[in-house]
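The values are calculated or read from the model by the stated rules, or taken from the named source; none is laboratory data. What you see is a predicted model; the values in this text were computed from it and never measured. Quick reminder, even Gly has a Cβ in these numbers, built from the backbone with ideal geometry, and neighbours come from all protein chains shown. When the accessible area is computed, the model is the full protein with side chains, heavy atoms only, and any ligands, DNA or RNA have been set aside. Shrake-Rupley method; radii C 1.70, N 1.55, O 1.52, S 1.80 Å.
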Amino acid sequence: MVASFEMVKALLDESRRVVVLTGAGVSAESGVPTFRGIDGLWKTHRAEDLARPDSFAQHPELVWEFYNWRREQVRKCEPNPAHIALAEMEKHIPNFLLITQNVDGLHTWAGSHKVMEMHGSLWQVKCTVCTHAREDFSELPDLPECPVCGHLLRPGVVWFGESLVPGVLRLAIEQVSQADVFVSVGTSNLVQPAASFHQLAKDHGAVTVEVNLEPTPNTGLMDFALHGKAGEILPELVTGLLK
Ligand code: OAD
């Protein structure tokens, strides 16, 4: 493990193109519940059962209650050392991209600029009928309405069964394919397409690294696997980067 750690550090030091993929685990130490951990339940509902267009169509009040609760949860949280280390890493790597599956906005709050929020953001709302969309950090009503057409607003996140925002997947694939190093942090690697990015990176010659609390289905395919808390491992990896 010590050897791997030093090797990953050296690798980052000499790399010009790095793509980092993050998941809920990177925000766990900020107090944001992960999706599949023991705290991944809301009331008696699994998050995955609510983050769906059909659930919203049938029970918009329930789905909005869930998202308003999540907004309140995240509002109380702050970026942790893992977010801060990734914001620092960006400064050292000439071509850097952070692709996050998280919708909490904590990477941006920590100071990351080159961030792709591939599943959208808790802080975006958009109309279910017209093109109105906006960033909104305020406390929202139970069923917020569009100020333009009066129809129901929805959270600006990508739900299960929905396509990613056009262009996002294309850009992600382009960047992952060009990476020298691909690092996956705090994701169970169960949700596509992100769970396949490591393979795409590897097929194009990148060295792949996993940082996660526990092994994932992708661990055996990674060149390096560092298991432990992202908030402890990432600051160590970034400290002393020479570039
Ligand atoms: P998961 O909840 O599936 O996985 C979180 C991973 O983080 C697990 O493998 C944990 O072991 C790990 N973990 C927990 N605490 C950690 C820590 N302190 N340091 C490092 N790792 C830690 O979350 P995601 O993989 O992000 O999609 O889930 C992917 C997608 O599925 C989400 O974006 C969401 C979800 O359902 C949509 O909503 C569309």
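Condition (residue is within 10 Å of the ligand (Cβ to nearest atom), closer than 25 Å to Gly37 by Cα and open to solvent by less than 50 Å² (accessible area, probe 1.4 Å)) applied to the range 169-183: is it met by at least one residue? So far as the range 169-183 goes, no, none of its residues is within 10 Å of the ligand (Cβ to nearest atom), closer than 25 Å to Gly37 by Cα and open to solvent by less than 50 Å² (accessible area, probe 1.4 Å). Each residue in the range 204-232 was checked for being among the aromatic types (Phe, Trp, Tyr) and within 8 Å of the ligand (Cβ to nearest atom), and 0 pass. Pairing residues of the range 6-27 that are near the ligand (Cβ under 9 Å from one of its atoms) with residues that are among the aromatic types (Phe, Trp, Tyr), at Cβ distances under 9 Å and at least 6 apart in sequence or on separate chains, gives Gly23/Phe35; Ala24/Phe35.
Kindly establish whether Pro235 is within 16 Å of the ligand (Cβ to nearest atom) and touching a Pro at 6+ places or on another chain (Cβ under 9 Å). Judged against the criteria, Pro235 is a match.
Total residues in the range 150-200 satisfying the condition of being under 24 Å from Val238 (Cβ atoms), small (Gly, Ala, Ser) and over 16 Å from the mean Cα position of the chain (by Cα): the figure is 1. Working only within the range 136-164, note down all residues that are within 12 Å of the ligand (Cβ to nearest atom) and open to solvent by less than 80 Å² (accessible area, probe 1.4 Å). Residues satisfying the conditions are Pro155, Val157, Val158, Trp159, Phe160, Glu162, Leu164.
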